[in-house]
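Taking it in order: structure first as structure tokens, then the write-up.
Rule-based calculations on the coordinates, nothing more; no lab input. Given the structure is predicted, the values throughout are model-derived calculations rather than measurements. So basically every Cβ, Gly included, is an ideal-geometry build from the backbone, and we count neighbours across all protein chains shown.
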Amino acid sequence: MAITYTSGEQVEVYRFSIPATVLIPLGAVFLQAWLPLRFPFFTIFDLPLLVVIGFATARRSPLAGLLTGGLIGILQDALTHQPIGLYGISKTVVGFGASSLGIKLDVEHAGARFLLTIFFYVVHEVVYFMIARGLVGLRMAWSWPHEFLSGVANALLGVLVFMLLDRVKQRT
Amino acid sequence: MDVLGRYRNLIVLVGVLFAQVLGLAVQVKRTTDSESTRLIRIWAVGAVTPLEKVLAWAQTSTGNVWHSYFYLRGVRAENRSLKQQIERMSLEQVRMSQDADQARRLQALLGFKEQFISRTMAAQVIGSSGSELSRSVYIDKGYNDGIKRDMAVITADGIVGKVLNVYRSTSQVLLINDQTSGVGALLDKTRLQGILRGTPSGEVVIEKVMSDETVPPGELVLTSGGDGIFPKGLLVGKVTKVSLGSDLFLNIRVRPAADLSRLEEVLVVTKIDERQAEPDQTGAARAVDILAERLPSVPSKPENAEKGAASGTVAPGTVAPTTTGSDAKPKAAPPEASASSGAPAARKTAMPASSSGTGSGTGATATPAPAVKVSPKPVKAAVEPKPQPAIEDSPQ
């Protein structure tokens with residue numbers, strides 16, 4: 001498997017143009033809201049989360065990662081009727097973690113991206129679950145098989161999304 | 001300073017998380033959380049819904065062009081089937097209007113007030129929240145169109161939810177299968193009342209029904225009107241499974257009548273009227289008159305009875321003595337009795353119960369018709385007299 005430990009000097013850092021930085025997250029949130037109406041099974045995917053992971057691992061900047069994650073999460077929260085911050089906090093953590101890990105690991109290969117997405121999907125769900133139950137008081141049920149299967153489904157979609165992001169990212 | 005620089009990322013992370021947790025706590029503390037974050041929600045909805053509207057419009061337009069001009073296969077058969085359905089429903093409507101009249105009279109006697117939907121607005125579903133933990137959809141009508149918070153949202157199949165947040169040209173609708181939703185529910189036959197709630201997995205259950213009650217699966221669930229949002233009597237769904245829950249209550253699972261996962265168009269109930277049933281305008285009814293309404297009577301002779309007689313068919317108001325093979329039952333009274341002004345059955349004239357043109361009693365009096373005409377074939381006409389709003393004869 002192509003997960004290798006790399007030094008800070010070896011990794012390449014990418015950036016995204018301003019239109020891509022604005023439109024890709026907005027498009028992801030839009031698709032996440034629109035597609036479940038036509039394809040109800042799509043609710044198991046979390047397209048904004050995949051974009052957060054993709055941006056964070058490409059930029060490899062924890063600061064940019066957590067801010068991007070937080071903003072995308074808040075945008076996603078605003079479309080729900082739940083308090084704002086549930087997705088915001090979860091995606092802030094994921095953004096920070098993914099960019100920190102992106103510095104240490106080589107995440108250019110599909111296999112590495114697949115495993116990384118499963119890992120961060122579960123992290124996201126755990127953080128979300130804890131906040132939703134502990135702070136907001138929502139009734140939620142945790143199911144490992146469901147979370148794992150959703151993680152795999154998201155990881156498969158994530159590989160495709162990261163390939164698309166590769167096309168718009170620019171080497172610094 | 002060196003320490004700050006070294007742990008800068010971590011400090012920012014903690015700061016951002018702290019700010020969000022604080023904001024979350026403030027929202028949870030306030031019950032009306034949507035007000036404190038309204039600006040963020042307006043921005044987010046404003047950023048996402050215009051594109052959703054464009055796509056919904058494009059999809060509808062394409063679908064309309066395709067179905068209206070190209071894909072017309074089976075339309076003729078469907079048209080025929082619909083016409084037959086209309087005929088069946090016309091008959092049904094006559095019977096139900098009688099029941100409704102009777103119910104109205106009883107309600108008037110008891111001084112009941114009834115709620116009814118007096119105005120609705122059609123809206124298109126353009127988007128969803130995109131989250132499994134927030135089961136809500138967005139519609140393309142907002143406060144510019146007169147939509148207000150807490151309005152009921154329904155479809156022809158059953159109830160959908162209520163308006164939760166209203167924006168300028170869009171609104172957010174909370175579906176009945178969301179875990180924060182609550183609807184007053186009434187079981188159709190057992191008349192048990194409970195609270196309809198959504199579960200985290202998106203199912204719908206009725207709570208607060210005692211475990212010593214018997215609820216059969218398959219029973220219809222209606223709105224009870226107790227929530228002040230949905231008028232009483234709207235279809236919610238059907239009971240699918242009943243099991244013992246916790247705290248002496250039953251766990252009743254319900255399958256919603258409206259398909260909540262594939263909503264396209266909905267109706268927003270913009271006005272609900274409440275009125276008291278009006279008493280019968282005809283004044284106090286005598287028992288004998290009420291009884292007479294329920295008894296079979298003779299439909300009056302139509303104008304073309306003579307023509308029918310000439311052609312050998314049975315005129316309405318006459319009796320076909322041998323109707324073999326037909327379920328038409330000759331219930332009409334003899335014409336002599338009909339002609340007698342003293343008989344209540346003759347004083348009330350049955351209205352046409354069928355849309356097929358048979359038994360079209362238009363006159364107020366039952367004209368003595370030729371006694372019996374021989375019918376060459378069973379006639380569908382022998383209209384079963386239904387209790388109808390009767391027309392009082394003029395004294396002769």
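Summary table
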item: Förster radius 56 Å - calculated FRET efficiency between B:Lys83 and B:Arg191, Cβ distance, rounded to 0.05; result: 0.90
item: Shielding of A:36-43 by partner chains, average beta-carbon count, 10 Å; result: 6
item: Distance (nanometres) between label positions extended 7 Å along Cα→Cβ at B:Val26 and B:Arg76; result: 6.9
item: For B:22-29, mean number of other protein chain Cβ atoms within 10 Å; result: 4
item: Acute angle (nearest 10 degrees) that the helix A:18-38 long axis makes with the longest principal axis of chain A, alpha-carbon atoms; result: 40
item: Per-residue mean of C-beta atoms belonging to partner chains within 10 Å, peptide A:68-79; result: 5
item: Cα-projected label distance for A:Arg133 with B:Arg275, points at 7 Å along beta-carbon direction, nm; result: 5.3
item: Principal-axis tilt of helix A:47-59 within chain A, Cα atoms, nearest 10 degrees; result: 20
item: Euclidean distance between Cα centres, segment B:81-99 to segment B:138-193, Å; result: 30
item: Tensor-based shape of segment B:114-281 (alpha-carbon gyration tensor, a/c under 1.5 rounded, otherwise prolate or oblate); result: oblate
item: Dipole moment magnitude, nearest 20 debye, segment B:45-95 about Cα centre, only Lys, Arg, Asp, Glu C-beta charged; result: 240
item: Rg/Rg_globular for segment B:109-162, with Rg_globular taken as 2.2 N^0.38 Å and Rg from C-alpha atoms; result: 1.47
item: Distance from segment A:141-172 to segment A:56-115 (C-alpha centre basis), Å; result: 12
item: FRET efficiency for B:Asp150 and B:Phe18, using Cβ-Cβ distance with R0 set to 25 Å, rounded to 0.05; result: 0.10
item: Entries of B:Lys148/B:Lys232; B:Lys141/B:Lys238; B:Lys53/B:Lys148; B:Lys208/B:Lys232 with Cα pairs more than 27 Å apart; result: B:Lys141/B:Lys238
item: A:Met163/B:Arg255 FRET efficiency (R0 56 Å; Cβ-Cβ; nearest 0.05); result: 0.85
item: Segments A:59-72, B:224-237 sorted - mean Cβ within 10 Å per residue, highest first; result: A:59-72, B:224-237
item: Gain upon complete extension [B:Arg104, B:Thr60; 0.36 nm per residue less C-alpha separation]; result: 11.7 nm
item: For chain A, Kirkwood radius (reciprocal of mean inverse C-alpha pair distance, Å); result: 16.1
